[in-house]
1. What distance in nm lies between label points placed 7 Å from Cα along the C-beta direction at Ala66 and Arg21?
2. Calculate, in nm to one decimal, what Ile37 and Leu110 gain on full extension: separation in residues at 0.36 nm each, minus their alpha carbon distance.
3. Using a basic spin-label model with each label point 7 Å from the Cα along Cα→Cβ, how many nm lie between Leu89 and Asn10?
4. How compact and how long is the chain, expressed as Rg and Dmax of its alpha-carbon atoms in Å?
5. Cross-link partners among lysines for Lys49, C-alpha distance below 20 Å, same-chain residues fewer than 8 apart left out?
6. Quick one: which residues, 5 or more positions from Tyr17 or on another chain, have an amide H under 5 Å from its amide H? H modelled 1.01 Å from N in the peptide plane, none for Pro or chain starts.
7. Listing His56, His79 from the residue with the fewest other Cβ atoms within 10 Å to the one with the most, what is the order?
8. Can you give me the relative contact order of the stretch 1-92 as a percent, contacts being Cα pairs under 8 Å and 6 or more apart?
Amino acid sequence: MPMPKIDEQNLKKPLCYDPARKKFIFFNDIVSGRERIIPVETLSKKDLKRLVIERHLSGPDYRVQAISGPPMSRDEVVHAIEKDEPFGLNTVDAEKSYLKNFLAEIRRNLK
């Protein structure tokens, strides 16, 4: 199975966070062997939020809308994450699930 494709915009978003070094880890760092994968499920709630916030801030500005809520800007999403609002908690859960699966795919292809 080939290594998953990642577009230029997503190369700028971290995939892992190393709390011991307070360092974000990116796709190219992992596939080059410079850095190892830090599983998202090992991160504290605070460190997971830090990773998710950085991923959102590293990308372009956007607007998103939940089915039952008003449109939100990227900064409003980040605020919701920081304040543990329901939309922010759901965003963190979704990112955690995505990263867990994506990192598992990378790990399989590195072997």
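1. The two pseudo-label positions are separated by 3.6 nm.
2. 25.2 nm
3. 2.8 nm
4. 14.4, 44
5. Reachable lysines: Lys12, Lys13, Lys22, Lys23, Lys83, Lys96, Lys100.
6. Here the answer is Ile25, Ile38, since their amide H atoms fall under 5 Å of that of Tyr17.
7. Starting with the residue having the fewest Cβ neighbours, the order is His79, His56.
8. Value for the stretch 1-92: 21 percent.
Computed from the coordinates by the stated procedures, all read-outs in this text should not be read as laboratory data. As the structure is a computational prediction, the values presented were derived from the model and not from experiment. All Cβ positions, even for glycine, are placed from backbone atoms using ideal geometry, and neighbour counts span all protein chains on display.
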